[in-house]
Amino acid sequence: MTTNVRIGRNVHTDELRSYANLANAGYRHARVNHGAMEYAYYDYRLAETVTVNGIENFWRHLKCSINGTHTSVSAKHLNSYVKEFEYRFNRRNRPETMLPKLLSTFRPLSAE
C-alpha cells in the first residue's frame, strides 16, 4: 500500500479483515460497517466524514460497462481498460474536457 498511499494518511475502508492492520502500519484508518447498515459517518478523530461510496460507485460503473458494452475484458488488457475507464469516470461531469486533454498528451505532428 505504501507505493500508492503515504504513511500517516487517512484511509477509509469497509470491514474486510485484510484492512485490520492499517492502523498498525501507520495509517489513520476508519471503517464503514456495512453489516450494521452504516454507509457514512462523521469521525471526530479524523475530523472528516468517513465513506467508501465514491470507490464503490466507480467499481459498480466499471462492472456495468464491462458487462454491458464489452461483455468481457482479458486479464492481459484489464489494467489498460481500467485506466481508460478511470479517465472517463473522473471527467464524467465535464465531458467537454475529455478530448482536449487527451489530444494534449500527443506531441504535435511534423509538417512533412
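Within 10 Å of each candidate Cβ there may be at most 16 other Cβ atoms; applying that plus a DSSP loop requirement, which trypsin sites (Lys or Arg not before Pro) in segment 70-112 survive? Walk me through the numbers on the way to the answer.
Numbers: sites: K76, K83, R88, R91, R92, K101; in loops: K76, R91, R92.
Passing sites in segment 70-112 are K76, R91, R92.
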Would you mind counting up the charge near P100? Only other residues with Cβ under 13 Å from its Cβ, with Lys and Arg at +1 and Asp and Glu at -1. +2
Within the chain, what's the longest stretch lacking chymotrypsin sites (Phe, Trp or Tyr not before Pro) that sit in DSSP loops with no more than 12 other Cβ atoms inside 10 Å? 45-105
Among the aspartates and glutamates, select those whose C-alpha is under 18 Å from the C-alpha of K76, and discard any that sit fewer than 8 residues away in the same chain. E84, E86
Percent antiparallel among DSSP beta bridges confined to the chain, nearest 5, equals 50 percent
Bounding extents of the chain in its principal axis frame from Cα atoms, largest first in Å, are 61, 32, 29
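Net charge near R28: determine it from the other residues with C-beta under 12 Å of the C-beta of R28, scoring Lys and Arg +1 and Asp and Glu -1. Could you put the intermediate results ahead of the total?
Details: positive: R6, R9, R31, R45; negative: D43, E48.
The answer is +2.
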Would you mind calculating the gained length between S80 and S110 on full extension (0.36 nm times residue separation, minus the Cα-Cα distance), in nm to one decimal? 8.0 nm
What are the principal axis extents of the Cα atoms in segment 10-51, in Å, biggest first? 27, 23, 10
Can you tell me which of T49, T69, T13 moves the most in a GNM of the chain? Springs connect C-alpha atoms under 10 Å apart. T69
Env charge @ N90, Cβ radius under 15 Å, K,R +1 / D,E -1, value +3
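Enumerate by residue number the GluC sites (Glu not before Pro) in segment 1-107 meeting two conditions: DSSP loop (anything except H, G, I, E, B), and at most 13 other Cβ atoms within 10 Å of the site's Cβ. Intermediate values should be presented prior to the final figure.
On the way: sites: E15, E38, E48, E56, E84, E86, E96; in loops: E15, E38.
Answer by residue number: E15.
Only the coordinates and a few stated rules stand behind these numbers; no lab work does. Fair warning: this is a prediction, and the values are worked out from it, not measured in the lab. Here Cβ is always computed from backbone atoms with ideal geometry, including for glycine, and neighbour counts include all displayed protein chains.
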